[in-house]
Amino acid sequence: MSMTAKEFMDRKAAETQNQLDAIKYAINDVFGVAELHRKMALEIKQVIFNNPATVVFWMDGTKTVVKAVNEDFDPEKGLAMAIVKKVYGNMGSYYNQFKKHIQPYHTQLLGDIRKLHAQGKTEKEISDALGIGGVAKLRNLKAKLIREERAE
């Protein structure tokens, strides 16, 4: 999906604002007023759950939006992801932290699935052995892991 010029400019403006905010918080650290700003920056004013999006309005006047993509909408996960995105500067790079730490687990899990499959185990046996919670979940998880593996 390509962005329009306006969307691109809006995104760049938001990234620049987030960078300026980070600089402001760093300067405030030096002068001892950072704690108040941090508290205000992470205080939630309002949350809107609008499947597939979770929108969080913060007391500092900013907004964070996250969307469920290729997965079921989960408001709890959406709120958690919005908080993490805010902590990492409201930029898309926050998800790289998840990928960095989850990828080794996913690689191991896919290896385990393939190993059990090679041993002639049924999908039900594989699901039970790995605690995945059913054949449908196993199939969805396996498809997701293979997509991630191909994207690397």
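No lab work stands behind these numbers, since they all come straight from the coordinates. All figures in this text were calculated on a predicted structure; none of them were measured in a lab. When we count neighbours, we look across all protein chains shown, and the Cβ atoms used for this are built from the backbone with ideal geometry, even at glycine.
The alpha carbons of the chain stretch over 63, 37, 28 Å along the principal axes, in descending order.
For the chain, the Cβ-based charge dipole about the Cα centre amounts to some 300 debye (Lys, Arg positive; Asp, Glu negative; other atoms uncharged). Equivalent ellipsoid of the stretch 96-151: semi-axes from √(5λ) of the C-alpha gyration tensor, largest first, are 21, 11, 10 Å.
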